[in-house]
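The values are calculated or read from the model by the stated rules, or taken from the named source; none is laboratory data. Treat the numbers as computed from the prediction; the structure is a model and nothing was measured. All Cβ positions, glycine included, derive from the backbone under ideal geometry; neighbour counts span all protein chains shown.
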Amino acid sequence: MSDVTFKVFRYDPETDDRSRFEEFTVRVSNGMTVLDGLYHIQEHLDGSLAFRSSCRAGVCGSCAMHINGTYRLACETQISALNSNTVRVRPMAHLPVLKDLFVDMEPFWEKYKQIKPYLIPGKDPGEMERFQTQDDRAHLDVIIDCILCAACYASCTVNNYDEEYLGPAALLKAQRFFSDSRDSARDQRMELVDGEHGVWRCHTIFNCQQVCPKDIDITGSIAIMKRHLMARRLSPSFKKEL
Amino acid sequence: MRTHQVVVVGGGLAGLRAALELNKRNVKVAVVSKVHPLRSHSVEAQGGINASLGNHPRGSHDTPELHAFDTVKGSDYLADQQAAMRLTEDAVMRIREMEHWGVPFSRTADGKIAQRPFGGAGFPRTCFASDKTGHVLLHTLFEQCVKYEEASERGEMVVYDEQIVTGLVVHDGVCRGVVVWDFQTGEIDVIKSEAVVFATGGAGRIFGKTTNALISTGLGMAIPYWAGVPIKDFEFVQFHPTTLFGTNILMTEGARGEGGFLLNNEGERFLANYDDSRKAMEVAPRDIVARNMTREIIEGRGFEDEYLHLDLRHLGREKILERLPGIRDLAMKFVGVDPIEAPVPVQPGMHYTMGGIDTDENGASPIPGFYAAGECACVSVHGANRLGGNSMLETIVYGAIAGEAAAEYVLGGGSGGGPGDAVFEDTRSREEARLKGKFNGAGDENPADIKDELESTMNEKCWVFRDEEKLRAGIEKVEELKNRYTQITLNSQGLRLNFDLLWALELGGNLSMAEVMIKGAQRRKESRGSQFRMDYPARDDENWLEHTLAYHTEEGPRFESSGVDLSIWEPKERKY
């Protein structure tokens, strides 16, 4: 048992002129996570603290935030693993703060919707399941693990200056359907991510990949789509169209 | 005031499936969810979903009848048999529909949906996507909602997230809408509707040791309970055998289905030492495994008197990475153990409420216009013990059924013209005043203290092994906590983004549902399925083969009972 200092970002745009960091002393027990610490503060020290959480098991994507220098899920971050007497917590960047650590996720969801995040099947499969080989299914491994926590979105430097950039999570979702052997809208999907606010805006900085709590190769997925777009442009049939 | 033909409350699997069914039938539907739908507890489901597809060579003879029989036997004969048949008959169609919508199921060598063994079935019947089945099902249903939110060929569908339903509008005995607290703006609004479908999930958080998300408080059951809808069979609580020691995060039954062992501190597969698990061993039904694990721990063969070992090492690295990557990740992050190299510390933990809002086979409650589906509802298809892989199945089968029933009710004219707008405005303003004044200055109780004490009370007094003495002590404590709940003062005011108020409000749901559960457990003087009474260790069909119904009164629940549908199979001793 030892004490740590939580330095928590506080800001209520309806009442505060500016943001501040507020300090709270929290006694740390074995196995305690940053989310546990925030709950201790909310329940016992300051009931007005606002933050999201749900599953507390790293799978629902509610509690991504900036913790001691990087984006992480508060629920799966052990305080002891931070190796610090201070836990500094900020909300996600590139999303408006509604209160404290609680940000407006709407811009993130809007971009997710823009890439048509649903299977667009070909012919009617009838009553039976469609077949998919294990090899085809393996193309979806790992990319389907995305929990849409937006850590990648907050970490992406491109999102900082291009508000319309689709961002890593939406582009990864586009790649998820592009890679699905059951999807029949590959051309349409490529068009949705082409253009100056799509894959070409990615500068291959790898921040998204580094912060992803599911270790997904997001940058690699974006690169795959860039390659497909290039190949499409260079293909004879496409040249004819031009 | 907003108007939608039907309001679905809850954005998990059952809620989204109900909404899609209503939308398909051109009914204007709104989904109201207190969290973004993708944050719902359904996302945590791991191991799989049952259907008699017969895709596995050992299960090629499978049929809906066999699946229904296993479900009824697993329920210790408390499931309603026609309802269980409907569950298993629709299962095949609903699973294939989910595949058509894009669920990335794991596949067999010949490209069909893969199936793995789960408890209570003699062969593989559980369809899965590695150990993240709930995650992919929920994401897929949400994707379909996104698709049809914007599609013009169907009726209107709207999703309101981070809006909390705090009450029902019931007028002349008919449900006419809901009161909604918009958490981001602090506004209290009413949604006027012709029908309401509740799909609000379980109540795991009345216990401390639970696999459930923090949001599974039971408030969604308590709201209709307070409005006069009975709660059925709530004493039946599923304790999942394998939850991580310390946090009680789920380690899927699939880990044992794939061949994992449970070991005591002597390194022995102790399930062989008990009559009821000797044959099926690790894939015996959950109630049996959880009891025998608890016995081992009580008798000193656990570790630190708290947990046992789930050993996956013999499965090998490749199989663990292919079939169980999610739980490996969780074990590494939360207990620092890599299952490829070391056994995982596990203990039984509260997992599922078999009981819930009383509904019939169409998801309809006794109040016209009010429907329920999924874990918050009790049809009952799970009876006294649910089989692994049947809960997600219930969400998509009965989500669709409740959606269909609500659509038919509305399209058939419902219960006729409702009350005038004044009734809605009156309900709205009363609710606003109630929320603003509810926790103001009566005493100095902190809701977090009450919640902590409730959790430890339920952990100790209403756990795997129950008896009169423990249950009575628990009831006394829950009543004390209910009284103290009226003495809460919050230090955070206002309605906008006020988590202090939200958690205090949720706690009211926790307390009511805990009371219904523990009093129901004390009332039922027999052992059946998940309910084990040390003082009544046998099943008693003569006196207790009946559903428990709890009705809300100011003094606490009033209990009645109702019959069980036994029209297909005669109850027998449950042996595995």
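Quick notes
- Single residue of region A:93-116 satisfying the filter (free of Cβ contacts under 8 Å to residues at least 60 places away in the same chain and either part of a strand (DSSP E or B) or polar (S, T, N, Q) (or both)) that is farthest from the other protein chains (Cβ to nearest Cβ): A:V103
- Of all residues making up region B:197-247, the number that are assigned to a strand (DSSP E or B) and hydrophobic (A, V, I, L, M, F, W, C): 6
- Any hit, region B:493-505, residues being within 14 Å of another protein chain (Cβ to nearest Cβ), of a type in the set (D, E), in a helix (DSSP H, G or I) and surrounded by 15 or more Cβ atoms within 10 Å (Cβ to Cβ): yes
- Filtered by the rule that a residue be more than 29 Å from B:A30 (Cα to Cα) and among the polar types (S, T, N, Q), region B:108-155 gives B:T108, B:Q115, B:T126, B:S130.
- Yes/no for B:R496 being modelled with pLDDT of 95 or more, among the basic types (K, R) and under 20 Å from B:Y352 (Cα atoms): no
- Being modelled with pLDDT of 95 or more and closer than 22 Å to B:I231 by Cβ is true of B:R528.
- If the condition is being more than 23 Å from the chain's Cα centre (by Cα) and of a type in the set (A, V, I, L, M, F, W, C), then region B:532-576 contributes B:M534, B:A538, B:W544, B:L566, B:I568, B:W569.
- Subset of region B:50-89 (residues that are within 24 Å of the chain's Cα centre (by Cα) and within 13 Å of another protein chain (Cβ to nearest Cβ)): B:A51
- Candidates A:R137, A:R130, filtered to the one that is surrounded by fewer than 24 Cβ atoms within 10 Å (Cβ to Cβ), in a helix (DSSP H, G or I) and either among the hydroxyl-bearing types (S, T, Y) or touching a Pro at 6+ places or on another chain (Cβ under 9 Å) (or both): A:R137
- Once region B:95-128 is narrowed to residues that are within 9 Å of another protein chain (Cβ to nearest Cβ) and among the acidic types (D, E), the residue that is nearest to the chain's Cα centre (by Cα) is B:E99.
- A count restricted to region A:62-71 and to residues that are buried (at least 24 other Cβ atoms within 10 Å of the Cβ) and either of a type in the set (D, E) or under 20 Å from A:S84 (Cα atoms) (or both) stands at 3.
Yes or no, residue by residue, for (1) touching a residue at least 60 places away in the same chain (Cβ under 8 Å); (2) more than 10 Å from chain B (Cβ to nearest Cβ); (3) crowded, with 17+ Cβ neighbours inside 10 Å; (4) within 26 Å of B:Q184 (Cα to Cα):
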position	(1), (2), (3), (4)
A:V28	no, yes, yes, no
A:H44	no, no, no, yes
A:S48	no, no, yes, yes
A:C55	no, no, yes, yes
A:C60	yes, no, yes, yes
A:T77	no, no, yes, no
A:R90	yes, yes, yes, yes
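- Of all residues in region B:176-220 being on the phi > 0 side of the Ramachandran plot and away from chain A (no Cβ under 14 Å), the one that is surrounded by the fewest Cβ atoms within 10 Å (Cβ to Cβ): B:G177
- Restricted to region B:473-492, and to residues there that are β-branched (V, I, T) and more than 14 Å from every other protein chain (Cβ to nearest Cβ), the residue that is nearest to A:V103 (Cα to Cα) is B:T486.
- Filter result (of a type in the set (V, I, T) and in contact (Cβ under 8 Å) with a residue 12 or more places away in the chain) within region B:531-561: B:T548
- Among residues of region A:121-149 being touching a strand residue (DSSP E or B) at 6+ places or on another chain (Cβ under 6 Å) and facing chain B (nearest Cβ under 9 Å), the one that is modelled with the lowest pLDDT is A:E129.
- The condition of being out of contact with any Phe, Trp or Tyr (no Cβ under 9 Å at 6 or more places or on another chain), surrounded by 14 or more Cβ atoms within 10 Å (Cβ to Cβ) and of a type in the set (V, I, T) does not hold for B:I488.
- Failed item, numbered, when B:V136 is tested on (1) at pLDDT 95 or above; (2) in contact with a His (Cβ under 8 Å, 6 or more places away or on another chain): (2)
The rows are residues; the columns are (1) touching a helix residue (DSSP H, G or I) at 6+ places or on another chain (Cβ under 9 Å); (2) charged (D, E, K, R); (3) free of Cβ contacts under 8 Å to residues at least 40 places away in the same chain; (4) surrounded by fewer than 20 Cβ atoms within 10 Å (Cβ to Cβ).
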position: B:A406; (1), (2), (3), (4): yes, no, no, no
position: B:L411; (1), (2), (3), (4): no, no, no, yes
position: B:G416; (1), (2), (3), (4): no, no, yes, yes
position: B:G420; (1), (2), (3), (4): no, no, yes, yes
position: B:V423; (1), (2), (3), (4): no, no, no, yes
position: B:D426; (1), (2), (3), (4): no, yes, yes, yes
position: B:G443; (1), (2), (3), (4): yes, no, no, yes
position: B:N446; (1), (2), (3), (4): yes, no, no, yes
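- Residue match in region A:173-186 (condition: part of a loop (DSSP other than H, G, I, E, B), more than 14 Å from every other protein chain (Cβ to nearest Cβ) and touching a residue at least 60 places away in the same chain (Cβ under 8 Å)): no
- Hey, B:D131 touching a residue at least 40 places away in the same chain (Cβ under 8 Å) and either among the hydroxyl-bearing types (S, T, Y) or more than 14 Å from chain A (Cβ to nearest Cβ) (or both) or not: no
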